[in-house]
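Notes for the one structure printed next.
The values are calculated or read from the model by the stated rules, or taken from the named source; none is laboratory data. Since this is a predicted model, take the numbers as computed values, not measurements. Every residue, glycine as well, gets a Cβ built from its backbone with ideal geometry; the counts of neighbours run over all protein chains shown. Each accessible area value is taken on the protein alone, full model and side chains, heavy atoms only, with ligands, DNA and RNA left out. Shrake-Rupley method; radii C 1.70, N 1.55, O 1.52, S 1.80 Å.
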Amino acid sequence: MTSDRDNRSLFVLPSTQDHIQGVLNAAVVFVMYGDYECFQSANVYRLIKVALQQLKLEFGENNLGFIFRHFPQKQIHPHAQRAAEAAEAAAAQGQFWQMHEILFIHQQELGNGYLVEYANRLGLDISQFLQDLSKGAYVNLINADIEGGLRSGVEAVPALFINGIRYLDRWTVEQIMAAIVAANN
């Protein structure tokens, strides 16, 4: 992919507008563009999660941050956009990361009925959740994530940036941990 070589920097820097695990001003901040219906996105998220868990002891809680941004590939994943909207509707009720986990675990079951079931499982206000989805309350926010990804050279997901630089190495726990260690030095 030529854009990977041409544009390897994160265009939209991490901010308080992002969904973050850890700390925004951490020594190492991951930004992942992903799609809830994409098998590779789910796998990479799991790898990053394992790597961060293992390195939290070494680096400490406040030295690592993980941000997820939406990049639904609607042309190949028909439920990805709605799943992203469901994650944002859950975020409005303080449950983004819980919904995020459920969506990746159940990525083969992302139809509207399932999304409502997941919201119910999380104890969300279902009428508010449904209202947010029917109004398309978070479409602009998701489109802003997509636009930021495109401006950063993202063409497909998963796409990962470590401290603002595109990660292009192999997708293994060991490689990701090595990238974290290198970024921390």
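Would you be able to say whether some residue in segment 48-62 is modelled with pLDDT of 95 or more and under 23 Å from Val154 (Cβ atoms)? Walk me through how you get there before you give the answer.
Kept after step one, since they are modelled with pLDDT of 95 or more, are these residues of segment 48-62: none.
No, every residue in segment 48-62 fails to be modelled with pLDDT of 95 or more and under 23 Å from Val154 (Cβ atoms).
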Listed by first then second residue, the pairs whose first member lies in segment 134-151 and is free of Cβ contacts under 8 Å to residues at least 60 places away in the same chain and of a type in the set (Val, Ile, Thr), whose partner is open to solvent by less than 60 Å² (accessible area, probe 1.4 Å) and in a helix (DSSP H, G or I), with beta carbons under 7 Å and at least 6 positions apart or on separate chains, are Val139/Glu85
Among (1) in contact with a Gly (Cβ under 9 Å, 6 or more places away or on another chain); (2) without any contact (Cβ under 8 Å) to a residue 24 or more places away in the chain - the single one Phe104 does not satisfy: (2)
Just checking, how many residues over segment 23-77 are over 16 Å from Phe161 (Cα atoms), surrounded by 19 or more Cβ atoms within 10 Å (Cβ to Cβ) and without any contact (Cβ under 8 Å) to a residue 60 or more places away in the chain? 1
Return a yes/no flag: does segment 94-102 have any residue that is more than 20 Å from Gly136 (Cα to Cα) and of a type in the set (Asp, Glu). yes
Among the residues of segment 152-185, which ones are over 15 Å from Val28 (Cβ atoms) and of a type in the set (Gly, Ala, Ser)? Ser152, Gly153, Ala156, Ala159
Checked against (1) farther than 18 Å from His19 by Cβ; (2) among the small types (Gly, Ala, Ser); (3) surrounded by fewer than 19 Cβ atoms within 10 Å (Cβ to Cβ), Ala91 satisfies every condition except (1)
